[in-house]
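Derivation of every value follows stated rules applied to the coordinates shown; laboratory data play no part. Predicted, not measured: the structure shown is a model, and the values here were computed from it. Glycine gets a Cβ as well: all are built from the backbone with ideal geometry, and neighbour counts include every protein chain shown.
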Amino acid sequence: MELLKNKIEQEGIVLSNTVLKVDSFLNHQIDPNLMSEIGKEFAKRFANKGITKVLTIESSGIAPSVFAGLELGVPVVFARKRKSLTLINDLLTSSVHSFTKGETNEISVSNKYINENDVVLIIDDFLANGQAALGLVDIVEQANAKVAGIGIVIEKGFQDGGKQLREKGYVIESLAIISSLENGKVSFEAGNKGEGVN
Ligand code: G4P
């Protein structure tokens, strides 16, 4: 998605060979115009799949998911990383280990909001090692619902998550795939210039 790639080139800060900071439009301050376009792009890529719900994980997955849900005309559910005061019964849970942060979070979703009739589009801001996406897939499958696909705003193609999930047969649509962050420079994967190509 050209608009997103231009934004990454203009505002992304390469912190190391593996980490890209995008605090100015996605992870801290949010650019609503860009999120709206991202929502439209996900809706286009997952049109006619019978999606009934969008599922994401707090916090940075919520903004792009809400715009995708708006375009698809379906509710958006976010998995919680911390125990909620009011969300205590009938939880679907999964363990998500972050290699980057060296910590494991128990994520949870009420079984009231995902059930066996749902066709779920999973959305997240980053795909790195794929642990968050795998945790969300696990929750959908525990609910006996169907995974329609996985929409990612920024995939780091040099990390393993995308490969693992594609090998398991999940359809992944990433709006920008980064091939390298070496020498302080963002490089995108060739063949991911055009729309609809992941
Ligand atoms: P994984 O889920 O793909 O295995 O990712 P990993 O454990 O490596 O990442 C943990 C957190 O760091 C996730 O956000 C993920 O989105 C984010 N992340 C991974 N790589 C990058 C990167 O290069 N740049 C940025 N900006 N974020 C990255 P989180 O901790 O859940 O944060 P939030 O959603 O609450 O903002």
Practice problem: Sort out which residues of the stretch 99-156 are under 27 Å from Met1 (Cβ atoms), part of a strand (DSSP E or B) and acidic (Asp, Glu), and write them in order of number. | Solution: Asp124, Asp125, Glu155
Quiz item: Of all residues in the stretch 157-193, which are in a strand (DSSP E or B), in contact with a Phe, Trp or Tyr (Cβ under 9 Å, 6 or more places away or on another chain) and farther than 16 Å from Glu9 by Cβ?
Solution: Glu173
Exercise. Go through the stretch 53-67 and give me each residue that's closer than 23 Å to Asn105 by Cβ and either of a type in the set (Gly, Ala, Ser) or without any contact (Cβ under 8 Å) to a residue 60 or more places away in the chain (or both).
Key: Glu58, Ser59, Ser60, Gly61, Ile62, Ala63, Ser65, Val66
Quiz item: If we keep just the residues of the stretch 102-120 that are within 16 Å of the ligand (Cβ to nearest atom) and closer than 19 Å to Ile62 by Cα, which is surrounded by the fewest Cβ atoms within 10 Å (Cβ to Cβ)?
Solution: Glu106
Practice problem: Please work out if Leu70 is away from the ligand (no atom under 16 Å from the Cβ), touching a residue at least 12 places away in the same chain (Cβ under 8 Å) and not in a helix (DSSP H, G or I). | Solution: no
Quiz item: Only one residue in Ile51, Ile8 is part of a loop (DSSP other than H, G, I, E, B), on the phi < 0 side of the Ramachandran plot, surrounded by 12 or more Cβ atoms within 10 Å (Cβ to Cβ) and more than 9 Å from the ligand (Cβ to nearest atom), so which one is that?
Solution: Ile51
Quiz item: Among the listed residues Ala63, Ala43, which satisfies the condition of being under 22 Å from Gln131 (Cβ atoms) and either touching a Gly at 6+ places or on another chain (Cβ under 8 Å) or of a type in the set (A, V, I, L, M) (or both)?
Solution: Ala63
Self-check item: Residues located in the stretch 87-101, provided they are more than 9 Å from the ligand (Cβ to nearest atom) and either more than 19 Å from Thr56 (Cβ to Cβ) or exposed (fewer than 13 other Cβ atoms within 10 Å of the Cβ) (or both)
Solution: Ile88, Asn89, Asp90, Ser95
Quiz item: Of the residues that sit in the stretch 121-145 and are of a type in the set (Asp, Glu) and farther than 24 Å from Leu20 by Cβ, which one is nearest to the ligand (Cβ to nearest atom)?
Solution: Asp138
Self-check item: Failed criterion for Phe42 (all others in (1) without any contact (Cβ under 8 Å) to a residue 60 or more places away in the chain; (2) touching a strand residue (DSSP E or B) at 6+ places or on another chain (Cβ under 9 Å); (3) assigned to a helix (DSSP H, G or I) hold)
Solution: (1)
Quiz item: Take the residues of the stretch 11-24 that are touching a helix residue (DSSP H, G or I) at 6+ places or on another chain (Cβ under 8 Å) and in a strand (DSSP E or B): which is nearest to the ligand (Cβ to nearest atom)?
Solution: Leu20
Quiz prompt | Residue check, Gly157 more than 22 Å from Gly39 (Cα to Cα) and surrounded by fewer than 21 Cβ atoms within 10 Å (Cβ to Cβ) | solution = no
